[in-house]
Amino acid sequence: MITYPLHDLNDQTFENLSILICNKILGAATIPFAQGKDGGKDGRFIGKANCFPSEAQPWNGRIIIQAKHTSKENASCSDSNFQTRLKNEVIPAILKLKQNNEIDYYLLFTNCKLTGKQDSNIENILNSQTNIPNLVIANEKIQQFLHEYPDIVRTANLINLLKPLEFDESDLKELIIEIHKAIKQSTPATHCVDFTKIDLEEKNRLNQLSQSYFNEVIKKDFDNFNLIETFLSSPINASLKDLYDDTISELNAKITLRRNEFAEFENMLDYFYNYVISNDLNSFKYKKRLLRTLLNYMYCNCDIGKKEETC
């Protein structure tokens, strides 16, 4: 499972991430609070939680949400800094909320690491000092939530935290330039892509490519696939076919290594598209659509992505 370096977020973005998670586990009625003096609360939920701490016994009442972020990599809840924040910030805030009759449950988010033993210690400390039911959602549990709810990853742009998915785009650029020349010269298409050999619905399922993207983006390129097929099949373009084969080999390696970082397969295709374009904007003037068409052709022709044995 991919691990996101949450220490690279700032305090505000970590708070926003915590609220996005609460929208799932508590409910859409989760209310975030603006930056500033928060009175010990970054968000609030009133009512019966969706599925927290469990579907069988969800919290029901006034739930206060607090986020405590650190920019220190590999920070732990057992560190003295975190323990000091518990003593000087968290406990006084809960007591004040309790005094004002604003709290029934307390939910603490932190990107610090948390062991099972330390988890019990923190809950016991907060219980003994405040008598308020509480739970700590630390780095390990947050990572699980991000795996369970990939739409949160997209909304929070957490993919930007990861090491960029880089590859040599020069071969792909040369292919696009040459195919574009063939189109301008009105080279007739003499080869047809045989879609009967490919169960595209099954391929979409295997690769987790959405039906909406397939219908609205990929399918509209079908008529242009024949031109690409003709171009790559021509003996005069044998050297360019070698470039194509090198490109799909490299892309497949990247897909295998980094697939878990993207919720749906179309996100990978779009990343490849944007990466190539951004590295040489001038070369792709009037050719951007062709680049996306070529990537869609690679996918439908079973050159990239998971495929059936018959592909």
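Placing +1 on the Cβ of every Lys and Arg and -1 on the Cβ of every Asp and Glu, with nothing else charged, gives region 185-243 a dipole about its Cα centre of roughly 60 debye.
Accessible area of the chain with a 1.4 Å probe: how many percent of it is carbon plus sulfur?
47
For ARG44, the amide hydrogen comes within under 5 Å of the amide hydrogens of ILE31, ILE65, counting only partners 5 or more places away or on other chains and with H modelled in the peptide plane. Under 21 Å from the Cα of LYS72, which lysines turn up, not counting those fewer than eight places away in the same chain? Answer for LYS72, where 21 Å is the Cα cut-off: LYS87, LYS113, LYS141, LYS163, listed by chain and number. About its Cα centre, the chain has a charge dipole of approximately 1120 debye under the convention of +1 per Lys or Arg Cβ and -1 per Asp or Glu Cβ, with nothing else charged. Other residues within the sphere of radius under 15 Å centred on the Cβ of SER78, judged by their own Cβ, net out at +2 (K and R +1, D and E -1). Counting only protein heavy atoms and a 1.4 Å probe, region 99-156 has 48 square angstrom of accessible area per residue. Between SER76 and LYS113, the built amide H atoms are under 5 Å apart, and every one of these is 5 or more places off in sequence or on another chain.
Would you please classify the overall shape of the chain from the alpha carbon gyration tensor, given that a ≥ b ≥ c denote the square roots of the eigenvalues, rounded means a/c under 1.5, and beyond that prolate means a/b larger than b/c while oblate covers the rest? It is prolate, given that a/c is not under 1.5 and a/b is the larger ratio.
Tell me, what is the FRET efficiency for GLU55 and ARG154 to the nearest 0.05, using R0 = 25 angstrom and their Cβ-Cβ distance as r? Walk me through the intermediate numbers first.
Details: r = 25 Å, r/R0 = 0.99.
Approximately 0.50, to the nearest 0.05.
In the chain, once you exclude exposed trypsin sites (Lys or Arg not before Pro) (DSSP loop, at most 14 other Cβ within 10 angstrom), what's the longest stretch remaining?
Working: sites that count: LYS37, LYS72, LYS285.
It works out to 73-284.
With both labels modelled 7 Å from their Cα along Cα-to-Cβ, the ASN260 to ILE183 distance reads 3.8 nm.
What fraction, in whole percent, of alpha-carbon pairs in region 192-311 exceed 18 Å separation?
Details: 3809 of 7140 pairs.
Beyond 18 Å sits 53 percent of the P(r) for region 192-311.
For the pair region 144-180 and region 246-262, the centres of their Cα atoms are 10 angstrom apart. Fully extending the segment from TYR275 to GLU174, taken as 0.36 nm per residue of separation minus the present Cα-Cα distance, adds 34.9 nm. Would you please give the FRET efficiency between ARG289 and GLN143, computed as 1/(1 + (r/R0)^6) with r the Cβ-Cβ distance and R0 = 41 Å, to the nearest 0.05? Once the sixth-power term is evaluated, E becomes 0.60.
Assigning unit charges at the beta carbon (Lys, Arg +1; Asp, Glu -1) and nothing else, what dipole magnitude in debye, to the nearest 20, does region 192-285 show about its Cα centre? Could the numbers behind the result be given before it?
Values: 10 positive and 17 negative charges, 18 e Å.
Here the size comes out at about 80 debye.
Near GLN129, once Lys and Arg are set to +1 and Asp and Glu to -1 for all other residues with Cβ below 15 Å from its Cβ, the sum equals +2. So how far, in whole Å, is the C-alpha centre of region 185-219 from the one of region 7-84? Here the two parts' Cα centres lie 43 Å apart.
The values are calculated or read from the model by the stated rules, or taken from the named source; none is laboratory data. Keep in mind that this is a model prediction, so the values were computed, not measured. Don't worry about glycine lacking a Cβ; one is built from the backbone with ideal geometry, like all the others, and counts go over all protein chains shown. Just so you know, the surface numbers come from the protein's heavy atoms only, side chains and all, with ligands and any DNA or RNA stripped out. Shrake-Rupley method; radii C 1.70, N 1.55, O 1.52, S 1.80 Å.
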